[in-house]
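Laboratory data are not the source of any read-out in this text; all were calculated from the coordinates shown. Everything numeric here is computed off the predicted structure, so don't read it as measured data. For neighbour counting, all protein chains shown are included, and Cβ atoms are generated from backbone atoms with ideal geometry for every residue, glycine included.
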């Protein structure tokens with residue numbers, strides 16, 4: 001791919017961002033490609049060394065704050081006609097509650113995911129505490145002369161320790177998955193704002 005073609009595709013991919021940010025990124029990648037070419041790479045090799053347009057757009061969108069993207073998107077590119085304004089106002093008793101309800105449902109599902117995660121981590125902490133308590137009770141019962149009760153408490157402590165180890169790795173993986181989901185949701189929301197109007 002040639003440099004000008006790459007920059008044109010990059011401009012199109014970043015079209016929902018503020019114009020200053022787009023120009024800054026284009027200048028950065030233009031200079032990066034020129035530097036690669038000065039080091040002896042051909043134009044096509046320099047462009048491919050920079051990365052693909054999709055990867056760059058995804059990274060830039062992830063780094064750009066949502067408020068900045070939304071502010072740029074909300075700026076009206078053209079004046080709305082009186083008919084459009086009247087339709088927006090008259091339709092607001094229908095579309096506004098639907099938007100609010102959908103937002104609340106999505107937010108409550110997201111919060112529910114984190115509540116489940118906190119609960120799972122609480123179970124892990126309880127099992128770890130149970131394993132420590134089982135070992136301590138084993139020692140207390142052994143000192144008190146009740147060897148059978150001490151062995152039972154030791155068994156409980158060992159079982160709790162094993163379960164807490166399993167819970168730790170499960171909770172860690174689930175937390176990592178929810179954090180990845182959060183990041184993907186944020187990028188998806190940002191991408192909704194930067195889609196070009198048809």
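Tabulated results
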| item | result |
| --- | --- |
| D (Stokes-Einstein, µm²/s), Kirkwood Cα radius, the chain, 1.567 mPa s at 4 °C | 57 µm²/s |
| Theoretical FRET efficiency, 1/(1+(r/R0)^6), r = Cβ-Cβ of residue 63 and residue 136, R0 30 Å, to 0.05 | 0.05 |
| Value of relative contact order over region 1-123, rounded to a whole percent, pairs C-alpha under 8 Å and six or more apart | 28 percent |
| Cα-based convex hull, region 90-194, per residue volume (Å³, whole number) | 90 Å³ |
| Gain on full stretching of the segment that runs from residue 151 to residue 4 - 0.36 nm per residue minus C-alpha separation | 45.3 nm |
| Residue 88 versus residue 39: modelled label distance in nm, points set 7 Å from Cα along the beta carbon direction | 4.8 nm |
| Burial ranking of peptide ranges 82-91, 180-189 (average Cβ count within 10 Å, highest at the top) | 180-189, 82-91 |
| FRET efficiency, residue 176 to residue 98 (Cβ-Cβ, R0 35 Å, nearest 0.05) | 0.55 |
| Estimated D of region 3-74 in µm² per second, where Rh is the Kirkwood radius over Cα pairs and Stokes-Einstein applies at 10 °C, 1.306 mPa s | 125 µm²/s |
